[in-house]
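J.: First the structure, which I've put down as structure tokens, then a few questions once you've had a look.
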Amino acid sequence: MRAFFAVDLPDSLAPAVADAQAPFADAPGVNPVDPEQAHVTLKFLGDVGGRDDGTEPTVDDVIAAGERAVDRAGVAPFKCAVDRAGVAPFKCAVAGLGVFPNREYVSVVWTGVDSGAEALTALHEALEAETTALGVDPADHEFTPHVTLARVETAAGAEAVRDALDAERPQAGSFSVGEIRLVKSTLTESGPEYDVVREFDLG
């Protein structure tokens, strides 16, 4: 299965996510994500558990790695907000607009994490260490905690996004993070469908 670890935004923030998308959502070549599926990806895994020849980690391997990562994220060098062991539940605030890879060539539009970034980064680094030890490919870019708002395929869409970057600073809101999730992603013609495989409580 195709999978990733994530922190989900609550459904209550879906309207604010939609508002953040509004300035460019109807531009040609812009594909907004479903606001009700908004999340912060902590670690993309790719395919897991689909082969019996030992070339992919099993789902059980990945679940165990997630449990270890939540525990070790509170220990140096990943240390952040700690309550006894692991990362304590924390608050996240999501605001602003950004793009990948850069303003001149816009591929992804996102809103960033104002507070809670330290804890998210600690979780990412612990997940990265645990899953690459299983043979999962390491991340090929620096971790930037964010919520993807849209993907951009045309120059006209990119121009609409640049206009929004100059004019907008949306405030998607804040929420409490008490768990991370291992999520199965199934690609369909109407977009990805997500199913939660396992939840990992913090603290």
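The values are calculated or read from the model by the stated rules, or taken from the named source; none is laboratory data. Just so it is clear, the structure is predicted and the values come from calculations on it, not from any experiment. Every residue, glycine as well, gets a Cβ built from its backbone with ideal geometry; the counts of neighbours run over all protein chains shown.
J.: Are any residues in the stretch 10-25 closer than 17 Å to Pro192 by Cβ and touching a strand residue (DSSP E or B) at 6+ places or on another chain (Cβ under 6 Å), and if so, which ones?
T.: Answer for the stretch 10-25, where residues must be closer than 17 Å to Pro192 by Cβ and touching a strand residue (DSSP E or B) at 6+ places or on another chain (Cβ under 6 Å): Val17, Gln21.
J.: Let me ask you something else. So which residues in the stretch 179-190 are surrounded by 12 or more Cβ atoms within 10 Å (Cβ to Cβ) and over 15 Å from the mean Cα position of the chain (by Cα), if there are any at all?
T.: Answer for the stretch 179-190, where residues must be surrounded by 12 or more Cβ atoms within 10 Å (Cβ to Cβ) and over 15 Å from the mean Cα position of the chain (by Cα): there is none.
J.: Filter the stretch 101-113 down to residues that are closer than 12 Å to Val147 by Cα and surrounded by fewer than 17 Cβ atoms within 10 Å (Cβ to Cβ), then give me how many there are.
T.: 1
J.: Here is a follow-up. So, Glu125, is that one crowded, with 18+ Cβ neighbours inside 10 Å, of a type outside the set (A, V, I, L, M, F, W, C) and either over 28 Å from Ala22 (Cα atoms) or at pLDDT 95 or above (or both) or not?
T.: yes
J.: Still on this model: I'd like the full set of residues that are crowded, with 22+ Cβ neighbours inside 10 Å, modelled with pLDDT of 90 or more and touching a Gly at 6+ places or on another chain (Cβ under 7 Å), limited to the stretch 61-94.
T.: Val70, Cys92, Val94
J.: Can you find even one residue in the stretch 151-160 that is surrounded by fewer than 19 Cβ atoms within 10 Å (Cβ to Cβ), under 13 Å from Val40 (Cα atoms) and at pLDDT 95 or above?
T.: Scanning the stretch 151-160 turns up no residue that is surrounded by fewer than 19 Cβ atoms within 10 Å (Cβ to Cβ), under 13 Å from Val40 (Cα atoms) and at pLDDT 95 or above.
J.: Can you spot a residue in the stretch 171-181 that is small (Gly, Ala, Ser), touching a residue at least 40 places away in the same chain (Cβ under 8 Å), on the phi > 0 side of the Ramachandran plot and assigned to a strand (DSSP E or B)?
T.: Checked the stretch 171-181: at least one residue is small (Gly, Ala, Ser), touching a residue at least 40 places away in the same chain (Cβ under 8 Å), on the phi > 0 side of the Ramachandran plot and assigned to a strand (DSSP E or B).
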